[in-house]
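See structure below.
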Amino acid sequence: MEQAIVSCVVNRLEELLVGEAKLLAGVSQQVKEMQHQLRLMHSYLEDAYAGASSEKRLWEWMVQVKNTAYEVEDVIEIYILEVASRRRRGHGVIKINLRRLTSILDETIQLHKIGSKIEKIKTKISNLTTNLQTFGIKPIRGESSACKNDREQWLRQTYSHDLEEDIVGLEDIMEELASPLVSSKEIPVICIWGMGGLGKTTLAKMVYKGAHIRNHFECLAWVYVSQQCQTKEVWKEILLNLVPPSSREQREEINKMGYAELAEKLYQVQEEKTCLVVLDDIWTKEAWDSLKPAFPKGKAVGSKLLLTTRNREVGLYVDRRSCLCEPKYLDEEESWELLKKKAFRAKYGMDCMVDKKMEKLGKEMVQHCAGLPLAIVVLGGILATKNTFNGWETVHRNIKSYLTSQSNGGQESRISDILALSYKDLPYNLKACFLHLGQFPENFEIPRKKIVQMWVAEGLVAPEQCGGKVQENSEDVAERFLGELVERCMVQVGERSSCGRIKTCRIHELMRDMCLLKAKEENFLQTIFLGHENAVLASSSLPPSMTNAFLSSNTRRVLFHSDQNYFGNIFSEGIKAPYLRSLILFNAGFDVMRNWQSMVIQCKLLRVLDLEGFRFGQEKLPKEIGGLIHLKYLSLKNTDLKELPSSIGNLFCLQTLDMRTSAETYVPNMISKINGLRHLHLPWNISRRCIQLQLDSLINLETLDNFQNGKCNIQDLTSMARLQILKMPLQSTESSDWDTQLNAFKELDILLKHQTFSLVYVRSLSLQFKHGSRGTYSDIKRLIKSCSHLNKLRLSCLQFSKLPEEKYFPPNITKLILERSELEEDPFPILEKLPNIRILQLLWCSYKGRHMMCSNDGFPKLASLYLQGLLDLEEWKVEEGAMHCLSQLLIHSCGKLKKVPKGLATITTLRELEMKYMSYTFLKRLGHDQGEDFHIVKHIPHLNYYRV
């Protein structure tokens, strides 16, 4: 973790040296020297980190390093803040030489002070480096660290004969795994991957011990690899299993073999015989690189490799053709079944009657395991020792502590220990990102865009550079880091976008508990719950008067999470945490922070301020917000603000500004001064008092949301060459006479013809015409053709008679939404030829015709289709072979549609069919068992019918 902090500070100094060169004039050389010293310290941390968990002296040294890095950051940012504040106060005011002289004198004194502080810090860093030997730090792993790793490996050791007695939820997946193992097809590697405690090893054992598997292979070997992969020992154990020695001499001969001889012998055995080798718990690509010389991998006839790992990428690295299998989390019924087996079998057998009250408690407790088999097994073991209802009630009251306790070496400590191994294995640059996720509540769907922008704002990620040139920007790096956390099963994907990118993510409940525990140990994040009956790990539930007592003076991140009904004042005296960098509020009532101005004055180093859903109880955002000049992320989404102050223009470091408030909002024409803005979300409803906003200076914008042609100058778009996401609610000049209305689309069309304007880099485009607009065939063709890299397109209330031919559509378009388009020609013959479209929505009057047709091989990748409000549609035909990847079909408010198409019966991938507000005749034909069309949809697992 210390590596991550030092790395972040080094990157922050680089950013300040470039971005704030004027404000750092006079001390820039000292800052560069300090940056160089920190880089050197970072290299020592890389060498020493392996022993951090076991060497007390090493831990103390690393804490000092982390605190010193923080001190560097604080001193420089406070200096920049003071200089910027002084210059802002003096601008336009210092008109006589005496005042100018006073200002220069003040700045000289301040420069001397900062210079002295920097020299002291440089001396401190130098002393820390010099004292490395005193602390016993060497670039090799110490003996005590090796002993601890040996102990961890011994505790985690697996054996093929040690079969789990109670199995639930793995029966079906066993068949899926056994099939490729015995298949003659060239699938040499099968990989079981998933989160720690999910049952990977249990599943592998069941397959390994299966009679048909043992009959199929001539030789079998099971070996536990672990985080500390010892290549020679692994090879030796495999060889001893595949070719059991018939005498003591043969065993000694194998033990004496060197690396080359072992690898050659093992390779030869797998070429000559059909072998199954199980590598249980392999962690890294490097581990496989060391092992692979002994494996033919595809050259051996019939030999197979079965892996278990927490990292999906490891399985693909071993062989891109790997058959990947992730065990599923248990559902509520399966979870209760497993808990019953563990809690009651030993005493009463499986046929016993469970007391209803105990069953109710048991089902409530097992929900905290969130389907993780290991957690359920541990909980069952605890409950097996409780013979009374009172005993179960005690566990129920303290369920969190029972599941995450580390106070003893009992079963309950296994969960934390096993999950902590995943954290320990993370590269240093991912650890801070993972701990940052702990700020979100349980079961919260975390938007990818939000977390990526927060990581960048906090400096947890930096651009990838090569030869002084940026190869990958900060947000791309952050998204890659998130993907790696998913691959390592630290984070779960909630929803994916139409082009396969992560849209939302979440953390398993027990993984989050471990995350909060580590965040507390590292003093990385403090979470305060207000109004909750019970606090969770690494959090405090305190009355408002005690909140500041909980916050330490060096707190850098704090999350306040209150009940919906909590309306207390968090801080009666503001926040006393001067070095705070991140402040996030969840579910905060209007009275939660009455002393807003005091908070702003005391937390001037803030980089992230997330007030989403906050109720200010006042119309205007206080002008003191302009003092937070280091702020990079500001969210006012769904707040009740009606006015922003002009001081918001002082936030020149701001990268993300979200003003999507719940009220009509006045926006001052000062946003144009924030030249570094990348993501701008304008209010949904901009106040009529606003003059036309000038945004032409925002040349770095990548996201522009709610860009309204009535409140913004549409010509400003010509300067935004980096735009990737553009959402434009367009409106025509309001008039009662349609013929005299200014056509809003024509205004956009003029822009499309502008020689300096291009939508070529836009990936997502949404055009919503509030009062309706008309476009010709040529207009629509020009619009679509201009967006050559488009992935998502939404056109609302833009009326045109027919679609352009498929050749004019961007080749990578994956999502298309049409609403109130009033198409007269069937759109399917065009749209079904788009090769990559995955989501299609035809909404309210988007098509006025009576017939639609999907032909054979049409829509080759379509996964979701939504038809709503096609009021004239009477017949829809689907030929066999059409939409062969469709998994979701929604049909709403198509009152004249007579029946479902027969072709749906041949779409075996269809998992969900939902029909709302359809005619009585339509739904009657689908009646269960009796309806004449039920046979068409009976293969679909989830059928939902609704009728008004």
Next on the checklist: Run the simple label-point estimate for Glu912 and Asn638 please: 7 Å along Cα→C-beta, distance reported in nm.
Outcome noted: 2.0
Checklist outcome for this item: The Cα extents of the stretch 442-512 along the principal axes, largest first and rounded to whole Å, are 42, 26, 21
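Using the alpha carbon gyration tensor of the stretch 477-534, what are the three equivalent-ellipsoid semi-axes (square root of 5 times each eigenvalue), largest first, in whole Å?
Values: eigenvalues 138, 42, 21 Å².
Output for the stretch 477-534: semi-axes of 26, 14, 10 Å.
Which links in Lys328/Lys861; Lys449/Lys604; Lys877/Lys898; Lys431/Lys520; Lys236/Lys292 stretch past 19 Å when you go from one Cα to the other? Mind dumping the intermediate values first?
Numbers: Lys328/Lys861 25 Å; Lys449/Lys604 25 Å; Lys877/Lys898 11 Å; Lys431/Lys520 13 Å; Lys236/Lys292 14 Å.
Checking Cα-Cα distances, Lys328/Lys861; Lys449/Lys604 exceed 19 Å.
Assuming 0.692 mPa s and 37 °C, estimate D for the stretch 197-297 with Stokes-Einstein, Rh taken as the Kirkwood radius over Cα pairs, in µm²/s. Each step should come with its number before you reach the end.
Details: Rh = 14.3 Å.
Answer from the Stokes-Einstein relation: 229 µm²/s.
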Next on the checklist: Binning at 10 angstrom from zero up to the longest distance, how are the C-alpha pair distances of the stretch 757-908 distributed in percent?
Outcome noted: 11, 42, 36, 10, 1
Checklist entry - Once both labels are modelled 7 Å past Cα along the beta-carbon direction, what's the Asp289-Glu521 spacing in nm? => result 2.8
Next on the checklist: Can you compute the FRET efficiency between Leu240 and Glu333 using 1/(1 + (r/R0)^6), with r the Cβ-Cβ distance and R0 = 45 Å? Round to the nearest 0.05.
Outcome noted: 0.55
Next on the checklist: For the stretch 218-277, what are Rg and Dmax over the alpha carbons, in angstrom?
Outcome noted: 11.2, 32
Checklist entry - If r is the Cβ-Cβ distance from Gln250 to Ser778 and R0 is 56 Å, what FRET efficiency results, to the nearest 0.05? => result 0.10
Checklist entry - Given the Cα-Cα distance of Gln618 and Lys877 and 0.36 nm per residue of separation, how much length would full extension add, in nm? => result 87.6 nm
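Using mean Cβ contacts within 10 Å as the protection proxy, how do 701-708, 714-721 order, highest first? Write out the running numbers ahead of the final one.
Working: 701-708: 21.2, 714-721: 17.8.
Peptide ranking by packing, descending: 701-708, 714-721.
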Checklist outcome for this item: Applied in sequence order to the stretch 671-682, the curve 6.51 cos²θ - 1.76 cosθ + 1.60 (Karplus, θ = phi - 60°) yields integer Hz couplings, x standing for Gly and Pro, of 5, 4, 7, 8, 5, x, 4, 10, 10, 10, 10, 6
Item to check | Debye equation applied to the C-alpha atoms of the stretch 807-874, log10 I(q)/I(0) at 0.11, 0.25, 0.28 Å⁻¹ | outcome: -0.24, -1.19, -1.37
Item to check | Distance in nm between pseudo-label sites at Gln492 and Ser697 (7 Å out along the Cβ direction from Cα) | outcome: 4.7
Checklist entry - If the convex hull of the alpha-carbon atoms of the stretch 877-948 is projected onto planes in all directions, what is the mean projected area in square nanometres? => result 4.3
Checklist entry - Which three extents, in whole angstrom, do the alpha-carbon atoms of the stretch 253-392 cover along their principal axes, largest first? => result 62, 34, 25
Next on the checklist: Starting from 0.36 nm per residue, how many nanometres of slack lie between Tyr945 and Lys357 once their C-alpha separation is accounted for?
Outcome noted: 208.1 nm
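Since every read-out is calculated from the coordinates, none of them should be taken as a lab result. As the structure is a prediction and not an experimental result, all values here were calculated from the model. Neighbour counts run over all protein chains shown; Cβ positions are idealised from the backbone, glycine included.
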